[in-house]
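The values are calculated or read from the model by the stated rules, or taken from the named source; none is laboratory data. Note that the structure is a prediction, hence the values are computed from the model and not measured. Heads up, the Cβs are rebuilt from the backbone with ideal geometry, glycines too, and the neighbour counts pull from every protein chain shown.
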Amino acid sequence: MCAIADTGSLHKAARQLGMSQPSLTTQLRRIENFLGAELFSRERTGCRPTPVGRSVLSRARPLVAAMTALVAEART
């Protein structure tokens, strides 16, 4: 989610994450189905977070940062 929001594109986010765009789209749909809400509006010009998506992102970003720090600490 964070990569999609940061790049504004499923294609660019997938490339940044080292995965295919269809795989990322599938993962995003699974999350949206689980939450019962659309997280991004898909437009010709890219993807934008919906109001629900912005709310989820605001909670997800600190979790991602904490997990990144935990992994870095564990590897040192």
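If only one of ARG54, ARG30, ARG61, ARG15 is loosely packed, with under 12 Cβ neighbours inside 10 Å, part of a helix (DSSP H, G or I) and among the basic types (Lys, Arg), which one is it?
Values: ARG54 fails: loosely packed, with under 12 Cβ neighbours inside 10 Å; ARG61 fails: loosely packed, with under 12 Cβ neighbours inside 10 Å; ARG15 fails: loosely packed, with under 12 Cβ neighbours inside 10 Å.
Of ARG54, ARG30, ARG61, ARG15, the one residue that is loosely packed, with under 12 Cβ neighbours inside 10 Å, part of a helix (DSSP H, G or I) and among the basic types (Lys, Arg) is ARG30.
Consider THR25 against the criteria (1) touching a Phe, Trp or Tyr at 6+ places or on another chain (Cβ under 9 Å); (2) free of Cβ contacts under 8 Å to residues at least 24 places away in the same chain: it satisfies all of them except one. Which criterion is unmet?
(1)
Taking the stated definitions as given, is ALA37 part of a helix (DSSP H, G or I) and either surrounded by fewer than 14 Cβ atoms within 10 Å (Cβ to Cβ) or modelled with pLDDT of 95 or more (or both)? Outline the logic, then answer.
On the way: part of a helix (DSSP H, G or I): no; either surrounded by fewer than 14 Cβ atoms within 10 Å (Cβ to Cβ) or modelled with pLDDT of 95 or more (or both): yes.
Here the answer is no, as ALA37 does not meet what is asked.
For GLY46, work out the one condition from (1) at pLDDT below 95; (2) loosely packed, with under 10 Cβ neighbours inside 10 Å it doesn't fulfil.
(2)
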